[in-house]
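So the structure is just underneath, and the comments pick up after that.
The values are calculated or read from the model by the stated rules, or taken from the named source; none is laboratory data. What you are looking at is a predicted structure, and each value in this text was computed from that prediction instead of being measured. As a convention, Cβ positions derive from the backbone with ideal geometry for all residues, glycine included, and neighbour counts pool all protein chains shown. Just the protein is used for accessible areas: all its heavy atoms, side chains included, with ligands, DNA and RNA removed. Shrake-Rupley method; radii C 1.70, N 1.55, O 1.52, S 1.80 Å.
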Amino acid sequence: MAAERGEFSSRFGFLMAASGSAVGLGNIWGFPTNTASNGGAAFLFAYLILAFALGYPALMAELIIGRHTRSNAVAALKSISSGKKSQFLALAIGFVGIVTVSLILSFYAIVSGWMMAFFLDPISRLLGLTSLSAWLTTDTEIRNAVFVIIFMVLTVLIITAGVKDGIEKWASRLMPALVGILLLLILYVFTLPGAMDGLRAYLVPDFSRVTDPQLLVNAMGQAFFSLSLGVGTMLVYGSYISKDENLPVVGVLVALLDVGIAVLAGLLILPAMYVALESGVQIYDDAGGLIAGPGLIVSVLPALFSNMGPIGLLVAVAFFALMTIASLTSSISMLEVPVAYSVENRGIPRPKAAMVVGAIITSISLVIVFNFDPLFDMVVSFTTERSQPLLSLFICIFAAWIWRRNEILEEIRQGSSKAEQGMFWKIWPFYVKFICPVAILAVYFQ
Ligand code: PHE
């Protein structure tokens, strides 16, 4: 049944793919708004600490297990477990991971679909197609269904092409474009009146909030979601890294890229919100907080862009292209998890696996689209607040308590021969064994 496995062709290719997975709606939308509603830089500060102290060790657990076992999440966890009980647990965690990531993709595709619709809107206005523009920007079930399908077709097409010719190729094209667009937008927004108020709201900390349990829960959830942890994504990407690669180093680079782009996104979104305020757009909700949910991206920012005159069309295209790119490089990493399992454990050819799994997830997405109010928030909070942190906790337990320590060291040594003398090996095993599980549980039970 052993199908031929793919491999990333270079460090750059892996970094683009993994940071592409990590950088998504969570960074450009979730992080800035979480920061704004949780005491500005106090949240940023807590987030940075949690991302490196908890997120990075958990990320490393996935990368190391993945590269060692060279297989999908279910097979990987099973092969590092020796006893019957731990093998059973491995199967359970692997499958819950597959279900969780599929559900994440099913809501992610809906939001990504909105981004594509808003990307096409300014183009349609430029072409004088006003009724199309109205259709694109009105929240209807039918529009949402159409764009879920378009987005999922793109995701399936990339995954069908495989690791090197699909994931790596597209991530290597799209991620540099994303960074370029982000920087240009920041520079432009900084020239507008009101931007400095936004910068202040973002960077001046309200330190009285740093020990607020809710802030810590939000910051941890944000870190795990943003680093794509727990659901097997990073494990599967890790399984495609070359054996010569220095894992602790590439792990740090992925975490830095993820956190760096989140921080940059904050430099765009918060100033943009205050520029919108300055131009007369409502940015506070009825309770007096900043509008943070869907309203921010699909009403506040579009209102700002349309107040900008003709250049607003260009800015809108750039902004929603940014969002679409961020979504797509994340969605492919989600679909890869069940597809890798179907190819390796079920012997299904990749194109067929991508299509069938893609069709199942699209159907779930459509069920959510047509039952939005009862289902959407429920699926989001179940997957990201409940399932993801717990799965991450179990992966740490597998790496630190079930897997043999000398095998881990051997794996790290492959790409860095003096690994046991390095800082990573002095700290990480202790961290994943004790600190990560306890901290995740503590925050979870908040
Ligand atoms: N990290 C992605 C984001 O920030 C979301 C994601 C979660 C991707 C889980 C893969 C797996 O938007």
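How much accessible area per residue does the chain have, counting only protein heavy atoms and a probe of 1.4 Å, in square angstrom?
Details: 17580 Å² over 446 residues.
Normalised by residue count, the accessible surface of the chain is 39 Å².
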Subject >> Mean Cα-pair separation over length for the chain, i.e. relative contact order, pairs under 8 Å, 6 or more apart, % >> reply: 35
Original post:
Across the range 321-327, in residue order, what do the Karplus-derived ³J(HN,Hα) couplings come to in whole Hz, using 6.51 cos²θ - 1.76 cosθ + 1.60 with θ = phi - 60° and x for Gly and Pro?
Top reply: 5, 4, 5, 5, 4, 4, 5
Subject >> With every protein chain in place, the range 131-200: carbon and sulfur % of accessible area (1.4 Å) >> reply: 72
**OP:** Using only C-alpha atoms and all pairs of different ones, pull out the Kirkwood radius for the chain in Å with one decimal.
**Re:** 22.1
**OP:** Have a look at the range 203-348 and give its Rg and Dmax from the Cα atoms, expressed in angstrom.
**Re:** 19.5, 58
Subject >> Cα coordinate range in the range 218-283, projected on the principal axes (Å, largest first) >> reply: 55, 21, 17
Subject >> Percent RCO, i.e. relative contact order, over the range 372-446, from Cα pairs under 8 Å lying at least 6 residues apart >> reply: 43
Subject >> Residue order for SER9, SER327, SER381 - accessible surface, 1.4 angstrom probe, largest first >> reply: SER9, SER381, SER327
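What trypsin sites (Lys or Arg not before Pro) does the range 167-268 have in DSSP loop regions with at most 14 other beta carbons within 10 Å? Numbers along the way, then the final one.
Details: sites: LYS169, ARG173, ARG200, ARG209, LYS243; in loops: LYS243.
Answer by residue number: LYS243.
For the chain, what does -39500 (n - 2.57) per DSSP helix run (n ≥ 4), summed and divided by total residues, give at 222 nm, in deg cm²/dmol to the nearest 500? Write out the running numbers ahead of the final one.
Values: 21 runs with 316 residues, N = 446.
The helix contribution divided over the chain gives -23000 deg cm²/dmol.
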**OP:** Rounded to whole Hz and in sequence order, give me ³J(HN,Hα) for the range 117-124 from the Karplus expression 6.51 cos²θ - 1.76 cosθ + 1.60, θ = phi - 60°, writing x for Gly and Pro.
**Re:** 4, 6, 6, 6, 4, x, 5, 5
**OP:** Would you please state the base-10 log of I(q)/I(0) at q = 0.24, 0.26 1/Å for the range 283-351, with intensities from the Debye formula using one equal scatterer on every alpha carbon?
**Re:** -1.02, -1.08
Subject >> Under 15 Å from LYS433, Cα to Cα: aspartates and glutamates that are on another chain or at least 8 residues apart >> reply: GLU62
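Ignoring any ligand, DNA or RNA, what whole percent of the accessible area of the range 294-379 comes from carbon and sulfur when the probe is 1.4 angstrom? Don't skip to the end; give the middle numbers.
Details: 2330 of 3210 Å².
Carbon with sulfur: 73 percent of the solvent-accessible area.
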